[in-house]
Every structure is written in structure tokens, then in C-alpha cells.
Amino acid sequence: MSVKKILLIILVVATIFRFGGLTVSPPALNWDEVSIGINAYSILTSARDEWGKFLPLSFKAYGEYKLPGMIYASIPGIAIFGLNEFGLRVTPALIGILAVYVLYLLGKELSGSRLGLASATLLTISPWHVHLSRASFEAGLALLFVELSLLFYCRIRKDPGALIKAGLFAVLALYTYNSARIFLPLLYIWLFWRSHRPKLAILSFLLFLPLIFTFINPASRVRWNTLDTLNNEGFLMAVGESRRYTPLPNPLPRLIHNKYTHLVYKLSLDYLQTFSSELLLFKGSAQTQRSVQGMGLLYLFEFPLLIIGLLSLKDKKYLSLRNLLIPWILLSPIPSAITVDAPSSLRALNLLPALLLVEGIGFLSLTSWPKTRSRLLQCLLLAFVVWNIGLFVYRLLGVYPIKYSANWQWGYKQMIQEVNKYQDQVDKVYITNDFGEPQAYLLFYGDKQLLRDYQNQKLVDRTTDPLGWVHVLSFDKYTFVDFEGTEVARAIIRDNPGKKILLVTGFAQLPGEYPRLFEIKAPNWAVMFEGSIIDNP
């Protein structure tokens with residue numbers, strides 16, 4: 001079979017894995033997806049973001065200042081299919097398919113079509129990549145730009161214009177996801193310095209400027225502040241505990257146990273955990289939105305290919321690959337290691353193509369070995385591979401969307417649909433903020449006039465917490481409340497005499513004496529929302 005036909009089959013399979021049940025798993029849109037959607041729609045319809053800013057390069061959103069890459073990339077899908085789940089997720093799915101094709105080109109550039117096909121095949125069915133291609137994760141688009149940048153880097157010697165293209169895609173990656181702002185400059189500094197191009201290494205250092213500006217700008221530090229290890233309360237408590245139980249005279253406990261010594265230890269541990277078998281092979285990410293739970297980020301059958309590939313890199317014919325892949329692998333976990341919730345499958349996603357290229361080398365090396373004549377062994381190996389893939393598909397489309405539905409803010413769409421039915425019949429609507437950012441779902445699923453009014457800052461009451469996150473207290477006739485039990489609902493009713501109000505609470509927050517207008521349960525049977533209309537005398 002020709003290379004073109006094999007590549008076509010690979011891309012068809014990649015499409016099936018990324019578009020099959022796209023709105024089923026993940027089971028709902030999370031906060032970031034909804035924020036990306038409403039900002040993309042706002043830009044599409046008015047050239048302004050939800051805050052009314054004209055074509056920004058930094059989107060304030062919830063106060064964390066999102067990078068613009070994924071928002072602008074989502075505009076075509078929303079323009080064609082509308083502001084809905086499919087219209088939003090068609091973009092990351094297509095990006096995922098493109099990433100498969102670009103990895104083929106990169107593998108072909110490095111060592112020929114066979115490596116390109118092998119690596120692309122592994123990315124096509126990768127549990128890590130497939131899951132993150134089915135939701136609007138900024139890391140997926142940044143990964144595509146990283147692949148493109150490195151593809152053109154590999155062409156620099158035979159194409160003088162490739163350097164400009166590599167730099168262009170590197171900059172696009174930097175303005176898509178923060179991990180690229182750490183990983184790519186480090187990688188390019190190393191690659192150019194090692195290849196005796198000090199001027200280009202210095203030029204690569206300039207890629208750090210967006211990251212520096214992020215730290216200098218107080219407004220843009222909001223997301224970093226939530227991930228900052230040094231100022232994390234749990235981290236500081238651990239330092240204090242270590243000092244308390246160190247049986248040494250002062251000032252030795254303080255010298256041994258302080259923020260900086262513990263930081264070195266934690267960073268080292270978190271860095272190594274990115275390569276742990278628990279993360280890569282058995283359990284996946286502890287953050288339930290970032291991987292299919294119950295299995296690793298890689299298939300079990302990939303592990304032997306990875307080991308064989310790493311051993312094969314010693315061969316002189318793989319020298320150029322070794323010079324690229326080893327620093328790529330070693331530098332990729334750094335963005336994950338420096339944050340509180342490490343190891344992160346999102347922040348370490350740039351590691352995946354490098355691992356798959358190594359696995360591709362391992363596969364090619366394996367096929368050059370003497371073939372076993374044992375039909376039984378061949379069937380067992382094939383059955384093991386099919387079982388791995390089948391288990392992933394079952395968990396992705398069968399178990400995950402039910403068991404972890406509540407973790408994906410499932411029920412907001414259904415709740416907003418119920419609110420839309422009754423909002424004209426009431427004077428005020430009170431909605432629980434237990435699951436976070438209810439105003440974003442109201443703007444996404446509600447009447448589009450609401451989004452226009454919100455964009456113009458009409459009747460919007462906000463507050464900003466000490467970390468810089470913006471919380472919407474009320475908007476138009478909607479108020480967002482932390483109910484904290486049934487007494488808050490009773491207080492709201494007392495404070496609204498003569499008004500007809502709609503209460504939307506979480507589980508066990510609506511007083512038993514009020515009739516339930518609707519109850520929304522997640523597929524795992526968890527009660528997400530309860531609603532009641534109170535005609536207050």
C-alpha cells in the first residue's frame with residue numbers, strides 16, 4: 001500500500017476518534033470552554049470581547065486574562081455551526097487531526113516516511129491526545145504550533161525562509177498557552193547554542209519577553225497567582241511542619257527547611273512525576289477533566305516501544321533525532337513542574353510528540369528484528385493492542401461521560417433552558433454559584449441580547465477577590481448566590497416582598513416547604529440543580 005493511502009487511513013481514523021460522540025464525551029462544557037465560546041462569539045458579532053474591548057490580545061474573561069490564540073481560532077467554527085457545543089468543539093477536533101498530519105511531516109523530515117507514519121498512527125489513537133482534542137483546551141492548539149515550529153526548524157539548512165516560519169509558529173504558540181512560553185524559548189536556546197548559532201540563541205531568548213511581561217503586569221498575573229507554589233498555603237504549612245519536627249538547635253531548622261529548599265525538592269519531585277508510570281501508564285492525571293480516568297496517558301503496549309526507541313537512539317544514524325528529541329523530552333515537563341497541581345497532563349502536553357517519535361523509532365527497530373513464527377504469540381500481541389484501544393474507547397464514551405459528568409459542570413445547559421422557560425413570568429431570578437461562573441453559562445445558552453447587554457456593561461455588578469479573579473454578583477434580573485443551606489433561600493424570600501421570584505439552588509438548599517418546579521440530575525444521578533417559583537405575598 002502506498003504512503004498516501006496509509007496516511008489517508010490514519011487521518012480518517014483520527015477523524016473518527018476525535019469527532020465520534022464529540023458532544024457526548026466530555027459530557028458538558030467546562031468554565032474555560034464557555035468563556036472561550038462567548039468571547040469568540042462576541043468578537044465575531046461585534047469585534048469586541050465580553051468586556052467590550054476591541055480585538056484584544058489578552059482577554060480579561062474571569063479576570064485571569066486568557067491568551068488570544070484559541071479564542072480567535074474558534075471563531076470560524078462558531079460562525080458556521082453557531083454558539084453551541086459542536087460549534088465550539090469542532091475547532092479543537094480539527095486541530096487534533098492537523099496535529100496528526102504535522103507529526104507525520106515532522107517524522108518524515110527527521111527520518112523518512114516510515115517514522116512519520118508510525119508516529120502519526122500512535123498520535124491518532126493516543127488516549128492523551130484524543131481526550132484533549134475533544135474539548136476546547138488551549139494546550140491542543142499550542143501543541144500544533146509547537147509541532148509546526150519544530151518542523152520548519154528541521155528545514156532551516158535546506159530552506160532559508162524556514163527560520164522565519166519556525167519563529168512565526170513559535171510566537172503563535174506563545175500567544176496560545178502559557179506552557180509554550182517556558183518550553184519553547186528554553187528548547188530553542190539549547191538547539192541554537194548547541195548548533196553553534198549564538199546569535200539565534202540570543203534571538204530565542206527574546207521569546208521570553210511575553211512571559212516577562214506577564215509577570216510584570218499585575219492584572220495578567222491572576223492565573224499564575226493561583227498556581228504559584230511559593231505562595232501556596234499548603235506548601236507554606238509543609239515548610240512549617242518540617243521545621244517543627246526537626247530535632248536540631250536554631251537556626252539549623254530554618255536553614256534546612258525554608259521556602260527555597262522545599263521548593264527545590266518539590267520541583268524535582270514534580271518534574272520526575274511527569275515520567276511516573278502512574279501518570280503515563282496506569283492512572284493518568286489526577287485532575288479528572290484532563291485525562292480519561294482509570295487508565296494512563298499512554299497505552300500499556302507503548303511502553304516497550306518507548307524503551308526500545310530510547311535504546312535505539314544510541315545508533316549513529318539517529319544522531320540528529322537524538323539531538324532534538326532528548327532536550328525536547330527533558331524540557332517539556334518544566335512548565336508542569338513549577339505549578340501547584342503538578343504533574344499536569346495539560347502543561348506537559350508538549351512532551352507527547354517527542355515520546356511518540358521515540359516510540360516510532362522503537363517500532364521501526366522492532367520490525368527489523370527476526371520475526372517470530374509463533375502464530376499464537378502474534379495473536380496474543382494483537383489481542384493485547386486491541387484490548388488496550390478498546391478499553392480506552394469504552395472508558396472514553398461509556399464510563400467517563402457518566403461517572404465524571406458532575407466534574408464537567410453538567411446540568412448548566414439544562415438549568416438555563418428551564419430558566420429561559422420561566423424568566424418572563426418572574427421579577428427576579430436567583431441562581432446558585434456553587435459550581436462557579438453561572439453568568440457565563442447564562443450568556444452562552446441564554447438569549448443573545450443578554451450577551452450584548454453584558455458586553456455593554458449594563459446592570460452588571462462585580463467584585464474582585466484578593467487573587468484578582470472577577471466574580472459576577474448580579475446581572476439584569478439575575479443574582480448569583482452562595483445559598484449555604486436552606487436559610488439563605490428563606491432570607492431571599494423575606495427580602496423580596498410582593499415579588500415573584502425564581503430560585504435555582506443546589507442539592508438540599510431549597511426549603512422543603514416550597515414545591516420543586518424542576519430537578520436536574522447528572523447522568524451519575526447527582527442532583528445538580530433544583531428550581532422553584534415563589535409568588536411572594
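Brief remarks on what is shown
- Alpha-carbon Debye profile of the stretch 53-136, log10 I(q)/I(0) at 0.12, 0.23, 0.24 Å⁻¹: -0.48, -1.03, -1.06
- Dipole in debye (nearest 20) - the stretch 330-428, about Cα centre, beta carbon charges: Lys, Arg +1; Asp, Glu -1: 500
- Structural size metrics of the chain, computed from C-alpha coordinates, are Rg and Dmax of 25.6, 86 Å.
- Take each peptide in 23-34, 323-334, count the other Cβ atoms within 10 Å of every residue, and average; sorted highest first, the result is 23-34, 323-334.
- Label-to-label distance, nm, for residues given as Ala383 and Ala47 (7 Å Cα→Cβ offset): 6.4
- Table column - 3J(HN,Hα) (Hz), the stretch 309-324, Karplus curve with 6.51, -1.76, 1.60, x for Gly and Pro: x, 4, 5, 6, 4, 5, 5, 4, 5, 9, 4, 5, 5, 4, 5, 8
- Helix-only [θ]222 nm of the chain, DSSP H runs n ≥ 4, -39500 (n - 2.57) each, per residue, nearest 500: -17000 deg cm²/dmol
- Each 10 Å bin from 0 upward holds the following percent of the Cα-Cα pairs of the stretch 1-159: 11, 35, 30, 18, 5, 0.
- Amide H contacts of Leu473 (H built 1.01 Å from N, in plane; Pro and chain starts excluded): Asp461, Arg462, Thr463 sit under 5 Å, all sequence-distant by 5 or more or on other chains.
- With 0.36 nm allotted per residue and the present C-alpha distance subtracted, the Arg375-Ala526 stretch has 49.5 nm of extension available.
- Spin-label pair Leu8/Leu163, simplified geometry with 7 Å Cα→Cβ offset, distance in nm: 4.0
- Gyration tensor over alpha-carbon atoms, the stretch 344-460, equivalent ellipsoid semi-axes in Å: 52, 19, 10
- Derived value for the stretch 409-535: Kirkwood hydrodynamic radius 15.0 Å. Basis is the mean of 1/r over every pair of different alpha-carbon atoms.
- Annotation: the residues Glu278, Glu359, sorted from fewest to most other C-beta atoms within 10 Å of their own C-beta, follow the order Glu278, Glu359.
- Among Trp408, Trp190, Trp387, Trp51, the ranking by other beta carbons within 10 Å of each residue's beta carbon, starting with the fewest, stands as Trp387, Trp51, Trp190, Trp408.
- Difference of contour (0.36 nm per residue) and Cα-Cα distance, Lys499 to Asp315: 58.4 nm
- Considering only the chain, percent of DSSP beta bridges that pair antiparallel, nearest 5: 70
- Taking 0.36 nm per residue of sequence separation and removing the Cα-Cα distance, the Tyr394/Asp447 pair yields an extension gain of 15.4 nm.
- Neighbour-count order for Arg89, Arg494, fewest beta carbons within 10 angstrom listed first: Arg494, Arg89
- Averaging the sequence gap over all C-alpha pairs within less than 8 Å and six or more residues apart, then dividing by the number of residues, gives the chain a relative contact order of 15 percent.
- Taking label positions 7 Å along the Cα-Cβ direction at both Tyr422 and Ser195, the computed distance is 6.4 nm, reported to one decimal.
- As a ratio to 2.2 N^0.38 Å, the alpha-carbon radius of gyration for the stretch 268-419 is 1.27.
Taken together, the values in this text are just the output of simple stated rules run on the coordinates, not laboratory data. Since we're looking at a predicted model, the values are computed, not measured. Note that we place each Cβ from the backbone using ideal geometry, even for glycine, and neighbour counts take in every protein chain shown.
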